[in-house]
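The values are calculated or read from the model by the stated rules, or taken from the named source; none is laboratory data. Quick caveat, the model's predicted, so the values are computed rather than measured. We place every Cβ from the backbone using ideal geometry, glycine too, and count neighbours over all the protein chains shown. These accessible areas exclude ligands, DNA and RNA; they are computed on the full protein's heavy atoms, side chains included. Shrake-Rupley method; radii C 1.70, N 1.55, O 1.52, S 1.80 Å.
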Amino acid sequence: MSTTGEKNTARFGHTELPEEQQRALRKAVKWEWITIGFLVVSTFLVYLVLGNSQAMKAAWIEDLLSFLPPISFLIATRVIRRRPSESHPYGYHRAVGVAHLVAAVALVVMGAYLIVDSGIGLFTAEHPTIGGITLLGSTFWLGWLMVLAMLLTAGPPVVLGIVKMKLARTLHDKVLYADADMNKADWMTALSAAVGVLGIGVGLWWADSVAALLISTSILRDGIKNLRGAVGGLTDTRARTYDDSEPDPVGERIDSYLRSLGWVREARSRVRDEGHVFHIESFVVPRTWPRATLRRIEKARDACVEMDWKVQDMVIVPVAELPEEFLPGVAKGGSEYR
C-alpha cells in the first residue's frame with residue numbers, strides 16, 4: 001500500500017522524479033494550461049476580425065494548430081505515469097512519441113494545404129477586399145482591427161516559449177520543446193499577417209497572399225522538423241538531447257565509467273530514448289570471468305543509475321566479446337561517440 005509521501009511523488013512510470021524535475025513538471029503543466037487559456041482568447045479574437053484576408057486565415061489556423069502540442073503534452077504526462085504492466089513491460093513512455101507524431105502530422109498536413117490554398121490565390125490574382133466596420137457609432141477600416149489583433153496576440157506566445165524552453169530542457173521533453181519552439185516563432189506569424197493586411201490597405205493585393213504563404217511555410221517547416229524527430233524517436237534512433245541537436249552524452253559517460261572499473265576490460269552501450277527516460281543496454285567484457293560477480297555488476301548498475309535521473313531502465317550484460325550485431329560500427333575497435 002502506498003504511503004502519503006509516495007502518492008505525492010511525481011513519477012514517469014516506475015521512475016521517481018528528482019525534486020528538480022518534479023518542480024519542472026508542475027510548472028510545465030501550469031504553463032500549458034495558461035497557454036491553452038491564452039489560445040482560447042486569441043483564436044476567438046482573431047476569428048472576430050478574420051475578414052477576407054488569406055494571411056489572417058492562415059494565422060487563425062496556426063492558432064488552432066497551436067492547441068495540439070499543449071493538449072498532447074497534458075495527455076501524455078498523465079498516460080506515462082502508469083507503471084509497467086504485463087502487456088506494457090517497458091511502461092507507457094512512448095505516449096510522448098505518439099503525441100509528438102500526432103501534432104507533427106497535423107502541422108504538415110495543414111501547412112501543405114495552406115501553401116496550396118495561398119498559392120492558388122496568388123496565381124489567380126485574387127484581390128481580397130477589407131471593408132469598413134461600425135463600432136460604437138464610428139465607422140472605420142476593419143484592417144486596423146486586424147492589425148491590432150495581431151499585435152495583441154504576438155507578444156505572450158514568445159514569453160510562454162521562453163519559459164517552456166527551460167522546462168523542456170529539465171524534463172527532457174521533446175513535445176514541450178516543440179511547443180516552446182513554435183511559441184517563440186509566433187511573432188513572425190503575427191507580423192506577416194499584419195503586413196499582409198496593410199498591403200491590402202495600400203492597394204498591394206498580392207501582399208496578403210505572400211504573407212499567407214510565409215505563414216504556411218512556417219507551419220510546414222515546423223511540422224517537418226517535428227515529424228522527423230517524432231519518427232526518429234519511435235524507430236529507435238540513437239538517443240539525442242531534448243532539442244535533437246546532438247547525441248545525448250549519457251551513453252558516453254556510462255561507457256567511460258564502466259571502462260574505469262578494475263574488473264572491466266571493455267564496455268559499450270546502446271541507448272534508446274523511451275520518451276523521457278532511456279532504455280540502456282551496456283555490454284561489458286570482464287578481464288577474467290571470476291571477477292564479474294553479481295555483486296559487482298549490481299553495484300556498477302546502481303552507480304550508472306545515479307548518474308542521471310533518466311537512467312532507470314538499464315541492464316548490464318557480461319559478454320566474452322562485444323557483439324557486433326548489437327553494436328554496429330563499435331565492436332571492431334571504433335567508438336560511436338567519436
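Within the range 81-111, the set of residues being assigned to a loop (DSSP other than H, G, I, E, B) and either free of Cβ contacts under 8 Å to residues at least 60 places away in the same chain or buried (at least 21 other Cβ atoms within 10 Å of the Cβ) (or both) comprises Ser85, Glu86, Ser87, His88, Pro89, Gly91, Tyr92, His93. In the set Thr139, Thr129, only one residue is in a loop (DSSP other than H, G, I, E, B) and polar (S, T, N, Q); that residue is Thr129.
Taken as a whole, the range 220-241 holds no residue that is basic (Lys, Arg) and open to solvent by less than 20 Å² (accessible area, probe 1.4 Å).
Tallying residues that are farther than 20 Å from Gly201 by Cα and either among the hydroxyl-bearing types (Ser, Thr, Tyr) or touching an Asp or Glu at 6+ places or on another chain (Cβ under 6 Å) (or both) within the range 40-89 yields 11. Of Asp302, Asp255, all but one fail to be open to solvent by less than 20 Å² (accessible area, probe 1.4 Å), of a type in the set (Asp, Glu), more than 28 Å from Val98 (Cβ to Cβ) and modelled with pLDDT of 85 or more; the exception is Asp255. Identify, by number, the condition in (1) surrounded by fewer than 18 Cβ atoms within 10 Å (Cβ to Cβ); (2) in a helix (DSSP H, G or I) that Ala76 doesn't meet. Of the numbered conditions (1) surrounded by fewer than 18 Cβ atoms within 10 Å (Cβ to Cβ); (2) in a helix (DSSP H, G or I), the odd one out for Ala76 is (1).
When the criteria are applied in full, Leu176 meets the requirement of being open to solvent by less than 20 Å² (accessible area, probe 1.4 Å), in contact (Cβ under 8 Å) with a residue 12 or more places away in the chain and either in contact with a helix residue (DSSP H, G or I) (Cβ under 6 Å, 6 or more places away or on another chain) or farther than 30 Å from Phe12 by Cα (or both).
Considering the range 232-291 alone, what residues qualify as being of a type in the set (Ser, Thr, Tyr) and not in a helix (DSSP H, G or I)? Answer for the range 232-291, where residues must be of a type in the set (Ser, Thr, Tyr) and not in a helix (DSSP H, G or I): Thr235, Thr237, Thr241, Tyr242, Ser245, Ser269, Ser282, Thr288.
Would you point out which residue out of Thr170, Thr134 is of a type in the set (Val, Ile, Thr), within 30 Å of Glu19 (Cα to Cα) and either at pLDDT below 85 or touching an Asp or Glu at 6+ places or on another chain (Cβ under 9 Å) (or both)? Matching residue, one of Thr170, Thr134: Thr170.
Of the residues making up the range 226-242, not one is without any contact (Cβ under 8 Å) to a residue 40 or more places away in the chain and under 18 Å from Ser66 (Cα atoms). Screening the range 8-54 for residues that are charged (D, E, K, R), part of a helix (DSSP H, G or I) and in contact (Cβ under 8 Å) with a residue 12 or more places away in the chain and picking the one that is surrounded by the most Cβ atoms within 10 Å (Cβ to Cβ) gives Glu32. Is at least one residue of the range 319-333 more than 30 Å from Val231 (Cβ to Cβ), modelled with pLDDT of 90 or more, open to solvent by less than 50 Å² (accessible area, probe 1.4 Å) and in a strand (DSSP E or B)? Within the range 319-333, not a single residue is more than 30 Å from Val231 (Cβ to Cβ), modelled with pLDDT of 90 or more, open to solvent by less than 50 Å² (accessible area, probe 1.4 Å) and in a strand (DSSP E or B).
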